[in-house]
Amino acid sequence: MVRVLIADNNIELCRILEEFLNRQQDMDVIGLAYNGEQALEKIQEFLPDVVILDLTMPQLDGIGVMERLQTMDLDHRPKIIILTAFAKDDMVRLLTHMGADYFVVKPFDLEVLVDRIRQFAPNSDLTMKEERSAYYATQGSQPEILITELLHHMGVPPHFKGYTYLREAVLMVCRNRRLMGGGLSKELYPRLAEKYDTTVGGVEAAIRNAINSAWRKGNKEFVEGLTGSLSWPEAEERLPTNSLVIAKLADRISLEMRAG
């Protein structure tokens, strides 16, 4: 079993990573840290096999954590996988010299991250990769798991605000289909705006940005299949609407739950 510590000040991303990694049969997330000082404390306390370390954290950033790790007397030094939005050559050289084992550039594919954890963990069982199921097939009774897997398969970057809003919107529609009939701007968006202390326009724009990212840089084929946009005229230029994506994701989850 690979013991993983996640250190990132993005609480939602930590939750997503924890949820996804804990579903791997050979992985166990043994702690979360939201700043560099917490990361160092939990490395000493839990002695993880792998640390997923974000560079931009409060109190002590990822570079500071790496510097301090060099001076710590640990019985078991973890492998370090760096999360960063900017993998500049000089930064990569510096952190590699300080002991970083691998770099993952945001936004990233969760399955690629899992593969890298297995690759670098000292006690990983690479044969476990062969036993992974389809991206959501085994989770039919849990809508929260299903939507996480579906958004991952779409290629929506998990650190986007729109990821959180889209995920919550789909879950709300799954629980109450009348929210779609009432219109997104009249019922669903205001509820999300209140929950996340933002504006209706901010929710709409963030979800639009998340869908656009999946369409342009993620798994466009999956989005096309989900929404039926392959049959549209000039489909290359027709980005699916927020309401269509939310409704189709909710439909897919309902079907999977009934099948499960």
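General observations
- Scanning the stretch 94-134 for residues that are modelled with pLDDT of 85 or more and aromatic (Phe, Trp, Tyr) returns TYR102, PHE103.
- Any hit, the stretch 186-199, residues being surrounded by 16 or more Cβ atoms within 10 Å (Cβ to Cβ), in the same structural domain as VAL156 (by TED's automatic domain parsing), touching a residue at least 60 places away in the same chain (Cβ under 8 Å) and assigned to a helix (DSSP H, G or I): no
- Candidate set from the stretch 57-79 (those that are at pLDDT 90 or above and among the charged types (D, E, K, R)); member that is surrounded by the most Cβ atoms within 10 Å (Cβ to Cβ): LYS79
- In the stretch 91-106, the residues that are within 19 Å of GLN70 (Cα to Cα) and not hydrophobic (A, V, I, L, M, F, W, C): ARG93, THR96, HIS97, GLY99, ASP101, TYR102
- All told, ARG116 meets the bar of being under 18 Å from the mean Cα position of the chain (by Cα) and either within 23 Å of GLY155 (Cα to Cα) or not aliphatic (A, V, I, L, M) (or both).
- Of ILE82, ILE6, ILE52, ILE43, all but one fail to be modelled with pLDDT of 90 or more, over 27 Å from GLU149 (Cβ atoms), in contact with a strand residue (DSSP E or B) (Cβ under 8 Å, 6 or more places away or on another chain) and β-branched (Val, Ile, Thr); the exception is ILE43.
- Filtering the stretch 146-183 to residues that are closer than 17 Å to GLU194 by Cβ, out of contact with any helix residue (DSSP H, G or I) (no Cβ under 7 Å at 6 or more places or on another chain) and either part of a helix (DSSP H, G or I) or not polar (S, T, N, Q) (or both) leaves ARG175, GLY182, GLY183.
- Test: residue in the stretch 188-210 that is at pLDDT below 90 and either closer than 24 Å to GLU12 by Cβ or touching a strand residue (DSSP E or B) at 6+ places or on another chain (Cβ under 8 Å) (or both): no
The values are calculated or read from the model by the stated rules, or taken from the named source; none is laboratory data. Everything numeric in this text was worked out from a predicted model, so none of it was measured. We place every Cβ from the backbone using ideal geometry, glycine too, and count neighbours over all the protein chains shown.
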